[in-house]
Amino acid sequence: MDLISLVISVPASIGIVCYAFDKDLLPTAFWPPFAKILTFWTALYLVGAAWMDLSLGVANSAWSELAAMAALYAASLALAYYGWLGVWRYAARVKQHPSSS
C-alpha cells in the first residue's frame, strides 16, 4: 500500500503543480485516466484511514483521544480532497483543450 501511494503521489504532485502554474509536462492522454485512478485511490485511502481509526479502540478511548483522532481525520480528508481536486481539474482542462501541450 505504501509503495502504491508513493508511485501515485509523484504524478499527483506533478498534476497539482501543472494545474497551479498552467503548465503541461506529461502527455494529455495520461491525465483523464490518472484522475480516475486517483479518485479510486483517494477513496480507498480515506476508507482505510477511517477503518484504522475505528479499529484503534474507539470504545475505550477518552474524549480527548477521540477529538484528536477526529481532528487528524478531518485534516487528512481536507488534504486528500485538495490534492484530488487539483489533479481532477487539471485533467478536465487538458481533456477540453488537448492542443495546449
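Any read-out appearing in this document is the output of simple, stated calculations on the displayed coordinates, not a laboratory observation. Since this is a predicted model, take the numbers as computed values, not measurements.
Computed on the chain, the Cα convex hull volume stands at 88 Å³ per residue. Among ALA12, ALA68, ALA91, the largest mean-square fluctuation in a Gaussian network model of the chain, built with springs joining Cα atoms closer than 10 Å, belongs to ALA68.
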